[in-house]
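Before I ask anything, here is the structure I am working with.
The values are calculated or read from the model by the stated rules, or taken from the named source; none is laboratory data. What you see is a predicted model; the values in this text were computed from it and never measured. When we count neighbours, we look across all protein chains shown, and the Cβ atoms used for this are built from the backbone with ideal geometry, even at glycine. All accessible areas refer to the heavy atoms of the entire protein, side chains included, with ligands and DNA or RNA removed. Shrake-Rupley method; radii C 1.70, N 1.55, O 1.52, S 1.80 Å.
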Amino acid sequence: MPSFLFGAFAIAGAIGASIPLIIHLLNRERARRLVFSTVRFIQMSHQTNVQRHKLKRLLLLLMRILMLILLGLAFARPYFAQDITTTPELGGVRNAVIILDTSYSMQYNGVFARAKKEAINRLDSLDSADAVALILSADKTRRILPIDSEHSHIRSAIENASLTNYTTDYLDAIQTADEMLKGISVGQKQIYLVADLQKNGWENFIDTDRLSPDVDIEFVDVAEEQAENQAITDINVPPVILLEQKDTELVARIHNYSTNRVENLPVTLFIDNEKVETTQLDIEPNDSSDATFRIKIDLQTESAHTGWVEIESDALEIDNRHYFTVQSMSSIKVHCVNGEQKRNDIDDETFFLSRALKRTGVEGTPIDYTESTTIPSNDAILRYDVLVIANVSSITAAEADRIKKFVNGGGGLIISLGDQVDSSVYLQHLGDTDNPLLPCTIMQAVGDPIGKEVFQVIASVDYRHPIFMPFSNPNHGDFAKGRFYRYFQSVPVEEASVIAAFDEGNPAVVEKIYGNGRVICFTSTIDREWNDLPIHAVYLPFLHETIKYLALRQAGQIPDYRVGDGIEYSGNQSSAGKEVAIFDPDRNETRFTLNDQGNLFYENSVNPGIYSIHKSGEKPYYFVVNVDTVESELTQRNPEELTSMLIGTTETDRMPTELTPEVVRKYKEDVERNQSLSTYLLLAVFALAITEMFLANRI
């Protein structure tokens with residue numbers, strides 16, 4: 001049965017339809033009796049005309065009545081709809097969004113297959129007239145089918161859905177669903193979240209994440225009861241291993257995400273695709289334990305090595321393996337730029353430095369030392385691990401750019417000052433930026449290296465720093481014995497740290513992280529011109545520890561890439577425009593062209609494993625990607641608690657469930673607008689009016 005938006009007009013039309021009938025009855029002609037002679041044929045003709053005239057007038061009457069009825073119906077705005085009282089609030093229409101969790105925790109023991117089945121069940125529970133949308137959700141990836149999608153398309157998308165290697169992101173998916181439903185004015189608004197309801201997916205909840213007042217949510221929990229999982233959560237491995245480091249250790253941390261104790265869990269180390277060693281661990285419930293391995297690598301040649309640590313299989317396989325890379329080195333390559341060269345003279349700026357670095361005992365760090373009076377070229381500088389700038393008078397802008405690129409790429413830099421240094425030039429090219437390379441603002445040199453009557457000593461040392469840690473034992477050397485007669489006053493920049501200072505407080509050694517490398521600034525000379533440190537026992541081990549620290553402990557360490565991270569590859573300008581090939585863990589190849597700086601940005605790190613970049617004429621560059629093990633914690637949140645969190649705990653937080661006049665009116669307007677019956681009725685009235693005018697003129 002039709003319904004009317006404004007029923008009064010329908011009544012008015014019905015009443016108005018009686019007006020033509022009343023007028024017709026009032027104006028009806030009454031027959032008069034006339035006596036004629038016998039005119040039989042005239043009577044017959046008159047009778048026929050009268051009948052035809054009556055028929056036309058009757059037709060006009062019906063048309064006028066019908067026009068008024070249709071006009072009233074048009075203004076009443078009729079529509080056809082089901083009884084809206086059968087489904088309170090929303091007129092029998094449902095608008096649903098199904099969210100299917102595709103994060104890697106759903107790989108656990110058939111959970112995802114169960115989730116897809118539950119999602120299809122929710123889809124089948126909807127009527128064909130109900131609107132439905134689908135969100136396949138995990139962190140950093142999302143596929144959305146809009147609210148007006150065909151049910152068959154939704155079903156197909158659910159059946160063909162696949163898992164990702166990303167973590168959970170419930171809140172973002174729910175907010176997306178809420179935004180999709182906000183634009184709908186009529187109909188029940190429902191969200192179905194089909195997931196394992198992991199606890200870590202709700203950690204970032206804030207009050208603004210609550211659902212709109214007219215949106216309901218149902219949590220479909222598909223998690224396994226009493227889920228147990230073990231995962232490798234971290235690996236500690238040095239980025240570079242030297243020949244002399246024969247006992248280098250790799251430490252893998254394994255966490256037991258269960259309520260049961262794990263005994264004799266096998267943990268195995270692989271390097272270059274070969275099994276190296278296996279150990280066993282006992283881990284208490286919800287606790288971690290470390291597996292320690294001795295790294296055994298052929299160090300006869302310098303090369304990059306890849307490997308992984310894995311544990312015994314369980315119901316969630318993806319977090320049972322953790323990948324790493326390590327670089328083997330036969331020596332540390334150090335290049336020094338001598339700012340005050342004097343051949344075969346003790347006054348040469350690098351006299352003590354060169355002899356200290358070249359003196360390596362049987363157990364000492366192997367150092368390959370070279371020297372020049374100018375900053376190396378773009379290609380040459382990249383061959384070194386540590387660059388020393390010793391009392392160099394000035395540096396050009398082009399040289400400064402080469403140094404910055406070297407350090408940013410992971411190189412180590414030592415800057416020692418002296419009488420040749422023009423501090424204004426250093427500040428201009430190395431310090432006058434938002435991210436200065438210089439770890440301190442160089443001011444003025446103070447002290448008298450000639451009279452040597454007044455001096456400073458190093459009174460404050462950070463023995464927690466790796467450079468000074470070997471000297472924490474007083475028997476291993478005392479820096480306070482060195483006398484400093486002249487040095488540059490300086491102020492450390494915001495990102496720098498003072499790791500050694502003179503007794504009056506001025507920095508003696510300042511460090512700063514710059515990109516992937518580190519910079520050490522020594523505010524006095526590295527020879528005996530301004531101090532006598534080179535003649536003390538701490539000088540040689542101090543230099544060796546500094547070189548080792550800069551070469552083997554890059555600021556960024558090994559890049560800790562997670563699935564979905566963008567990978568920045570830094571090459572050199574000589575490689576600009578060249579083509580490189582990147583192979584993913586499945587050996588699928590992707591080709592890229594390096595940009596003007598010889599760099600590239602890779603975004604397709606969707607799987608954990610070992611990736612390699614191949615460039616013509618060079619050794620492959622390896623990087624590894626691991627899963628984020630925050631997803632390995634399978635503890636759940638209670639659905640009732642989540643409902644209260646997202647919807648609210650009081651009745652005032654929700655829309656009223658009774659049928660309000662405003663909801664009814666809005667529903668009727670939307671349905672009537674979609675059907676547009678009143679437009680057709682007005683067109684019918686117009687057509688009848690034209691026909692009526694035509695017939696009326698012919699009577």
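Contact list please: Cβ distance under 7 Å, first residue in segment 164-190 and within 17 Å of Thr643 (Cα to Cα), second residue open to solvent by less than 30 Å² (accessible area, probe 1.4 Å) and in a loop (DSSP other than H, G, I, E, B), pairs at least six apart or on different chains.
Listed by first residue and then by second, the contacts come to Asp178/Leu211; Asp178/Ser212.
Consider segment 462-475. How many of its residues are modelled with pLDDT under 90 and closer than 17 Å to Ile414 by Cβ?
Qualifying residue count, segment 462-475: 1.
Okay, moving on. Within segment 219-271, track down each residue that is part of a loop (DSSP other than H, G, I, E, B), open to solvent by 40 Å² or more (accessible area, probe 1.4 Å) and within 20 Å of Glu631 (Cβ to Cβ).
Glu224, Glu225, Gln226, Glu228, Thr259
Of the residues Ile442, Ile513, Ile499, only one is in contact (Cβ under 8 Å) with a residue 12 or more places away in the chain, in a strand (DSSP E or B), open to solvent by less than 30 Å² (accessible area, probe 1.4 Å) and out of contact with any helix residue (DSSP H, G or I) (no Cβ under 9 Å at 6 or more places or on another chain); which?
Ile499
Sticking with this one: Assess whether Thr525 counts as being assigned to a helix (DSSP H, G or I), buried (at least 17 other Cβ atoms within 10 Å of the Cβ) and either polar (S, T, N, Q) or touching a His at 6+ places or on another chain (Cβ under 8 Å) (or both).
It is false that Thr525 is assigned to a helix (DSSP H, G or I), buried (at least 17 other Cβ atoms within 10 Å of the Cβ) and either polar (S, T, N, Q) or touching a His at 6+ places or on another chain (Cβ under 8 Å) (or both).
Just checking: which of the helices (runs of 4 or more DSSP H) contained wholly in segment 341-438 hold 1 or more residues that are more than 26 Å from His544 (Cβ to Cβ)?
Helices (runs of 4 or more DSSP H) meeting the threshold: 378-381, 397-408, 423-426.
Does segment 450-461 hold any residues that are at pLDDT 90 or above, open to solvent by less than 60 Å² (accessible area, probe 1.4 Å) and assigned to a loop (DSSP other than H, G, I, E, B), and which are they?
Val457
If the Cβ limit is 7 Å and pairs must be 6+ apart or interchain, which residue in segment 191-206 that is under 16 Å from Ala138 (Cβ atoms) pairs with which residue that is of a type in the set (Phe, Trp, Tyr) and part of a strand (DSSP E or B)?
These pairs meet every condition: Leu193/Phe219; Leu197/Phe219.
Okay, moving on. What pairs come up if the first residue lies in segment 327-353 and is hydroxyl-bearing (Ser, Thr, Tyr), the second is open to solvent by less than 20 Å² (accessible area, probe 1.4 Å) and not in a loop (DSSP other than H, G, I, E, B), and their beta carbons are under 6 Å apart, counting only those six or more places apart or on different chains?
Short answer, once both residue conditions are applied: Ser328/Ile241; Thr350/Cys336; Thr350/Asn338; Thr350/Ala390.
Taking only segment 430-439 into account, find how many residues are at pLDDT below 90 and open to solvent by less than 60 Å² (accessible area, probe 1.4 Å).
1
Tell me yes or no: at least one residue of segment 395-410 is over 46 Å from the mean Cα position of the chain (by Cα) and aliphatic (A, V, I, L, M).
No - not one qualifying residue is present in segment 395-410.
Output the residues belonging to segment 463-486 that are in contact with a helix residue (DSSP H, G or I) (Cβ under 9 Å, 6 or more places away or on another chain) and in a loop (DSSP other than H, G, I, E, B).
Within segment 463-486, Tyr463, His465, Pro466, Ile467, Phe468, Gly477, Asp478, Gly482, Arg483 meet the criteria.
Tally the residues that are hydroxyl-bearing (Ser, Thr, Tyr) and open to solvent by 40 Å² or more (accessible area, probe 1.4 Å), restricting the search to segment 392-425.
Qualifying residue count for the region: 4.
Filter segment 543-591 down to residues that are of a type in the set (Lys, Arg) and at pLDDT below 85, then give me how many there are.
Within segment 543-591, residues that are of a type in the set (Lys, Arg) and at pLDDT below 85 number 1.
Working only within segment 606-622, note down all residues that are among the hydroxyl-bearing types (Ser, Thr, Tyr) and touching an Asp or Glu at 6+ places or on another chain (Cβ under 7 Å).
Tyr611
Here is a follow-up. Go through (1) over 38 Å from the mean Cα position of the chain (by Cα); (2) loosely packed, with under 15 Cβ neighbours inside 10 Å and name the single condition Arg464 misses.
Exception for Arg464: condition (1).
In segment 258-270, what residues are without any contact (Cβ under 8 Å) to a residue 40 or more places away in the chain and in contact with a strand residue (DSSP E or B) (Cβ under 9 Å, 6 or more places away or on another chain)?
Scanning segment 258-270 gives Ser258, Arg261, Val262, Glu263, Asn264.
If you don't mind, there's one more thing I want to ask. From the list Ile442, Ile403, which one is over 25 Å from Gly571 (Cβ atoms) and touching a strand residue (DSSP E or B) at 6+ places or on another chain (Cβ under 9 Å)?
Being over 25 Å from Gly571 (Cβ atoms) and touching a strand residue (DSSP E or B) at 6+ places or on another chain (Cβ under 9 Å) holds for just one of Ile442, Ile403, which is Ile442.
Pairs under 9 Å by beta carbon, first residue free of Cβ contacts under 8 Å to residues at least 24 places away in the same chain in segment 132-152, partner assigned to a strand (DSSP E or B) and open to solvent by 10 Å² or more (accessible area, probe 1.4 Å), six or more apart or different chains?
Close Cβ pairs (under 9 Å, with a partner that is assigned to a strand (DSSP E or B) and open to solvent by 10 Å² or more (accessible area, probe 1.4 Å)) amount to Arg143/Leu136; Leu145/Leu136; Asp148/Ala131; Ser149/Ala131.
In segment 314-370, what residues are surrounded by fewer than 17 Cβ atoms within 10 Å (Cβ to Cβ), modelled with pLDDT under 90 and aliphatic (A, V, I, L, M)?
Ile346, Val362
Please specify each residue of segment 478-489 satisfying the condition of being at pLDDT below 95 and open to solvent by less than 20 Å² (accessible area, probe 1.4 Å).
Across segment 478-489, the qualifying residues are Phe479, Gly482.
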